[in-house]
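This report concerns only the one structure given below.
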Amino acid sequence: MSDIRDMLVEQVDRLLSDRADPATLRAAEAGTWPEALWAEAEALGLPLALVPEGMGGTGLGWGDAAALWQALGRHAAPIPLGESMAAAALLAGAGITPPTGLIALGLPGEAIAWGRRAGHLALAPGGEAALHAPTDWQQGRGLIAREPADRPVLGAPLAEGRLPGAYGPDAALLAGALLNAARIAGALETVLLMTVDYANTRKQFGRPIGGFQAVQQLLARCAGEVAAAGVAVANAGRAADRRGLAGAEFEIAAAKVVAGEAGGTGAEIVHQVHAAIGFTDDHPLHLFTRRIWAWRDGAGPERLWARRIGDAALARGGAHLWADLTSRDEEPAA
Amino acid sequence: MPSLQFPLRDTPAEAPALRAELRAFLAETGRDWPPMVPAYSWMGFDRDFSREVGKRGWIGMTWPKAYGGGERTALERYVVLEEMLAVGAPVGAHWIGDRQSGPLILRLGTEEQRREFLPRIIRGEMAFAIGLSEPDSGSDLASLRTKAEKVPGGWKVNGRKVWTSSAHRCDFMIALLRTAPAPDPKAKHQGLSQFLVDLRSSGLTIRPILDLVGQDGFNEITFDDVFVPDAMLVGQEGNGWEQATAELAFERAGPERYLSSLPLLTEALNDLRAEPAAPEAVGRLLARAATLRQMSLSVAGMLQEGHTPAREAALVKDAGNDFEQALPETIRGLVDPARTPPQVLEMLGLMTMVARSYSLRGGTREILRGIIARQLGLR
Ligand SMILES: Cc1cc2nc3c(=O)[nH]c(=O)nc-3n(C[C@H](O)[C@H](O)[C@H](O)COP(=O)(O)OP(=O)(O)OC[C@H]3O[C@@H](n4cnc5c(N)ncnc54)[C@H](O)[C@@H]3O)c2cc1C
């Protein structure tokens, strides 16, 4: 299982290294759809990767998805592939055969990246899933990520279905949270690498700035946050594989909180170390940090997910806190 | 950059049964612990408690049966540690022996040393102290000067150790001593050796030092011509630095590096229900706790496989210290003193003070981040 995952992640990393260069990212922000990249992603079968084999997909799980989404984040992939994968998975979960091509994922209140390119839209409110073919899109643009961000004009759904209980009442939000957390974790890996490189080459006072303890301490802190985000995301993916999206609500929420916090801290540190050059349009750093900031808000900011965790814990009370934390991946004692 | 990896681990199949046993034991034993106990937890000291823990086979769990050990897995041991820490049990009388002194003796000690010390540690009868820091050697540990000179049949030790936790209550100490002068100031890591020092040796004076809470937690130890027999050298003469740094992987790797203040969250939780800011703040803490737990488990898994994850342990300790230090401050920001039981306020007050030690003991935050930075490739 994990061999297949590693192989796929490597494939995606390679594809994006070739096809998601800064020029493509910038062009995408200016409204040019990265057709070649999308076509290759389709050729690899990625959009339907989470759909069961019987419905034309590859049958991967949420843990695999999280690893792939993290790879998308590492390259700030300028296509909504993660959303399309999640949308297809939810449709398939409700027994609706997902159409080919880009499927947009509808989240409450959110504009949809590249909605205008999507032939279809999946919605999954209240334990149902619905497939739409929007009649039109109100076009917009993300303030921070700068990508096209559109809102659908809906007609009647093409198909509707009930999701199995394991998906819970807000499956789309949970999948979206896992996606955004994973992308943040991936982008953080990249900006940390970029910044270590920069610190080792940029010289001031006759030595690389990476030799200064103040800089080292910042980057060490950043590395701790990057590691935490990655572990939180992997843990959420594993939990969703084991217990379904709804059963993994705690882990997904924790991943969104930790990745969001790590994103804030990490972006702050890498900009501080890059200083003025990193504040320029020319430098590629912001191609990643702006997305980190945007993804923090995608599928609910840290505040929302933290409250969910906190409300549940407060309701259960102190006597259950530790037992609840440790029992999640363990069979109860006989 | 050779980035640090933290592959996920599952707790072992035995975990639920083990937890049930521990929880029953701790609920019974800990019924009347005052807030001071969880506030100090593994810096606390309770021989009766440690003997009871030893009776149940929860010390030296992974060691060979030949010495009285349990030959259980490192991850089973991990479950025991986290259950103890989650309630802040006073584990100090066996913690150091179980965590580092015993494993060191097992790895590098002579057969006589193993037979002499391990069974007693396992029974919870022999408490160990850590003899590293000196008045002029803290973070720059290798600069230490307490020296052991060769004499017939053994070594003559002179100098001073300081901050030695619970030494006045312990039996033995593993001391890092200078057995040969450093060939030059850059090679100060050479010429160090580790010894088992009987804390009741003549010429050895232990002076308790009160900490800022007012507790006699740590000590100054003066060596005045203290004789240490040859048989008490651990490992190889002159190899002390390598040995001690490998020991640090054990010292830094455990769940005690993120769980120190968790009992406060448990204790305070029900009284935060009326506070509108509590759900978000508590949620953030729990998101971190769950993530740190996975990171910590991952490091335990590496130890189980025989690796020495020194850098991974440094990263998890640093991240864990941030969390366990932030926790009391977060709780303080949420409690209404007028409506909070005195028990909770007392634990909060104590932990507010004790928390300062988290990012000092076992290597300061700055030193840990220096290790991580070097791992990142920064020079
Ligand atoms: C509660 C408690 C229990 C302890 N128990 C024990 C024990 O049982 N046995 C034992 O041997 N020791 C023990 N210690 C000592 C502990 O290991 C030391 O406090 C620690 O190693 C730091 O040494 P120091 O206090 O001398 O500080 P110093 O090394 O003097 O450091 C002072 C400050 O300078 C910073 N600093 C120092 N060098 C650098 C550098 N190169 N780069 C950046 N910053 C630097 C430090 O991070 C710190 O902020 C204990 C400490 C505490 C607080």
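Inside the stretch A:210-246, can you point out the residues that are surrounded by fewer than 20 Cβ atoms within 10 Å (Cβ to Cβ) and either of a type outside the set (Asp, Glu) or out of contact with any helix residue (DSSP H, G or I) (no Cβ under 6 Å at 6 or more places or on another chain) (or both)?
A:211, A:212, A:213, A:214, A:217, A:242, A:243, A:246
What are the residue pairs meeting all of these: first residue in the stretch B:130-148, first residue within 14 Å of another protein chain (Cβ to nearest Cβ) and open to solvent by less than 40 Å² (accessible area, probe 1.4 Å), second residue assigned to a strand (DSSP E or B) and near the ligand (Cβ under 6 Å from one of its atoms), Cβ atoms under 8 Å, and 6 or more apart or on different chains?
Note: no pairs meet the criteria.
Residue-wise test of (1) β-branched (Val, Ile, Thr); (2) not in a helix (DSSP H, G or I).
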position	(1), (2)
B:21	no, no
B:33	no, yes
B:37	yes, no
B:45	no, yes
B:79	yes, no
B:82	no, no
B:85	no, no
B:90	no, yes
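Anything in the stretch A:27-39 that is under 20 Å from the mean Cα position of the chain (by Cα) and not aliphatic (A, V, I, L, M)? List them, or say none.
Listed by number, the residues that qualify are A:29, A:33, A:34, A:38.
May I ask you to list the residues in the stretch B:273-285 that are surrounded by fewer than 24 Cβ atoms within 10 Å (Cβ to Cβ) and in a helix (DSSP H, G or I)?
B:279, B:280, B:281, B:285
Before we move on, is residue A:130 outside any loop (DSSP other than H, G, I, E, B), over 20 Å from residue A:300 (Cα atoms) and more than 15 Å from the chain's Cα centre (by Cα)?
yes
Regarding residue A:82, is this residue modelled with pLDDT of 95 or more and in a loop (DSSP other than H, G, I, E, B)?
So residue A:82 does not fit the description; no.
Any idea which of B:110, B:146 is closer than 30 Å to residue B:188 by Cβ, within 16 Å of the ligand (Cβ to nearest atom) and at pLDDT 95 or above?
It is B:146.
Checking the conditions here, which among B:75, B:85 is within 14 Å of chain A (Cβ to nearest Cβ) and crowded, with 22+ Cβ neighbours inside 10 Å?
Of the residues listed, the single one that is within 14 Å of chain A (Cβ to nearest Cβ) and crowded, with 22+ Cβ neighbours inside 10 Å is B:85.
Just give me the residues in the stretch B:159-189 being within 14 Å of the ligand (Cβ to nearest atom) and of a type in the set (D, E, K, R), in sequence order.
B:160, B:161, B:169, B:188
Within the stretch B:242-264, is there a residue that is away from the ligand (no atom under 13 Å from the Cβ), more than 21 Å from the chain's Cα centre (by Cα) and small (Gly, Ala, Ser)?
No, because not a single residue in the stretch B:242-264 is away from the ligand (no atom under 13 Å from the Cβ), more than 21 Å from the chain's Cα centre (by Cα) and small (Gly, Ala, Ser).
Pairs please, first residue from the stretch B:353-379 and under 23 Å from residue A:209 (Cα atoms), second anywhere and near the ligand (Cβ under 10 Å from one of its atoms) and open to solvent by less than 30 Å² (accessible area, probe 1.4 Å), Cβ atoms under 7 Å, 6+ apart in sequence or on different chains.
What qualifies is B:365/B:359; B:369/A:216; B:370/A:216; B:373/A:216; B:378/A:216.
Within the set of pairs 6+ apart or on separate chains, which have a first residue in the stretch A:217-240 that is within 7 Å of chain B (Cβ to nearest Cβ), a second that is of a type in the set (S, T, N, Q) and within 16 Å of the ligand (Cβ to nearest atom), and C-beta atoms under 8 Å apart?
A:223/B:375
Here are some conditions: (1) in contact with a Leu (Cβ under 8 Å, 6 or more places away or on another chain); (2) within 16 Å of the ligand (Cβ to nearest atom). Residue A:246 meets all but one. Which one does it not meet?
Result: residue A:246 passes all but (2).
I'm trying to understand the selection: among the residues of the stretch B:156-167, which are open to solvent by less than 10 Å² (accessible area, probe 1.4 Å) and in a strand (DSSP E or B)?
B:157, B:161
Being more than 16 Å from the ligand (Cβ to nearest atom) and farther than 24 Å from residue A:230 by Cα narrows it down to one of B:347, B:351, B:302, so name that one.
So the residue among B:347, B:351, B:302 that is more than 16 Å from the ligand (Cβ to nearest atom) and farther than 24 Å from residue A:230 by Cα is B:347.
Table: residues versus (1) surrounded by fewer than 19 Cβ atoms within 10 Å (Cβ to Cβ); (2) in contact with a helix residue (DSSP H, G or I) (Cβ under 7 Å, 6 or more places away or on another chain).
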position: A:45; (1), (2): yes, no
position: A:60; (1), (2): no, no
position: A:84; (1), (2): no, yes
position: A:91; (1), (2): no, no
position: A:119; (1), (2): yes, no
position: A:128; (1), (2): yes, no
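Criterion first (at the interface with chain B (Cβ under 9 Å from one of its Cβ atoms), surrounded by fewer than 21 Cβ atoms within 10 Å (Cβ to Cβ) and within 25 Å of the chain's Cα centre (by Cα)) does residue A:311 satisfy it?
Yes, satisfied.
When the residues of the stretch B:321-361 are narrowed to those that are within 20 Å of residue B:255 (Cα to Cα) and open to solvent by 20 Å² or more (accessible area, probe 1.4 Å), which ends up nearest to the chain's Cα centre (by Cα)?
So the residue we want is B:361.
Quick one: which residue in A:23, A:41 is out of contact with any Gly (no Cβ under 7 Å at 6 or more places or on another chain), hydrophobic (A, V, I, L, M, F, W, C) and open to solvent by less than 10 Å² (accessible area, probe 1.4 Å)?
A:41
Just checking, does the stretch A:247-254 include any residue being away from chain B (no Cβ under 13 Å) and either open to solvent by less than 20 Å² (accessible area, probe 1.4 Å) or not polar (S, T, N, Q) (or both)?
Checked the stretch A:247-254: at least one residue is away from chain B (no Cβ under 13 Å) and either open to solvent by less than 20 Å² (accessible area, probe 1.4 Å) or not polar (S, T, N, Q) (or both).
The values are calculated or read from the model by the stated rules, or taken from the named source; none is laboratory data. Because the structure is predicted, anything quoted here is derived from the model rather than measured. Methodologically, a virtual Cβ is constructed for each residue, glycine included, from the backbone with ideal geometry; neighbour enumeration extends over all protein chains shown. Please note that ligands, DNA and RNA were not included when accessible areas were found on the heavy atoms of the full protein model with its side chains. Shrake-Rupley method; radii C 1.70, N 1.55, O 1.52, S 1.80 Å.
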